[in-house]
Ligand SMILES: [Zn+2]
């Protein structure tokens, strides 16, 4: 509660007061300028916050996109078995700290090879069988 007063409301009131001081010859004008300055600060802050959220979301999406290209989902070997999405580097040792058990976990990479398979075209095989039967 105390933090929000120092960070947000106190500067808002101070800036609005400074703006209203320019119109101190007329109290009605000063009070109205105080509220106009307060309103403009709130609008400006909300626009600024929306722009920051837009760029934060954009960079977070780019980060997750890049991480999905070079990241892998692993399960911590501890008893809790928490899943982590960690970045993988092929030219370095990979490790991470489990967020659940707070232990460092090394990652061992294994590469396997498999023969590429071609799906069987069943329609063509059936038509060939029918031709052979005739
Ligand atoms: Zn763990």
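Below is a table of values for the structure above.
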{"quantity": "Contacts under 6 angstrom Cβ, first residue in segment 71-86 being under 11 Å from residue 107 (Cβ atoms), partner in a loop (DSSP other than H, G, I, E, B) and more than 8 Å from the ligand (Cβ to nearest atom), 6 or more apart", "calculated": "72/88"}
{"quantity": "Residue list for segment 86-99, filter: surrounded by 11 or more Cβ atoms within 10 Å (Cβ to Cβ) and more than 14 Å from the ligand (Cβ to nearest atom)", "calculated": "87, 88, 94"}
{"quantity": "Residue check, residue 117 free of Cβ contacts under 8 Å to residues at least 24 places away in the same chain and surrounded by fewer than 10 Cβ atoms within 10 Å (Cβ to Cβ)", "calculated": "yes"}
{"quantity": "Candidates 18, 24, 76, filtered to the one that is in contact with a strand residue (DSSP E or B) (Cβ under 7 Å, 6 or more places away or on another chain) and at negative phi", "calculated": "76"}
{"quantity": "Complete set of residues in segment 100-110 that are within 16 Å of the ligand (Cβ to nearest atom) and surrounded by 10 or more Cβ atoms within 10 Å (Cβ to Cβ)", "calculated": "100, 101, 103, 105, 107"}
{"quantity": "Test for residue 24: is it surrounded by 11 or more Cβ atoms within 10 Å (Cβ to Cβ) and free of Cβ contacts under 8 Å to residues at least 40 places away in the same chain", "calculated": "no"}
{"quantity": "The lone exception for residue 16 - which of (1) farther than 30 Å from residue 91 by Cβ; (2) assigned to a helix (DSSP H, G or I); (3) without any contact (Cβ under 8 Å) to a residue 12 or more places away in the chain it fails", "calculated": "(3)"}
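Read-outs throughout are calculated quantities, based only on the coordinates presented, and are distinct from any laboratory measurement. Quick caveat, the model's predicted, so the values are computed rather than measured. Because the Cβ atoms are built from the backbone with ideal geometry, glycine has one as well, and the counts that use them run over all protein chains shown.
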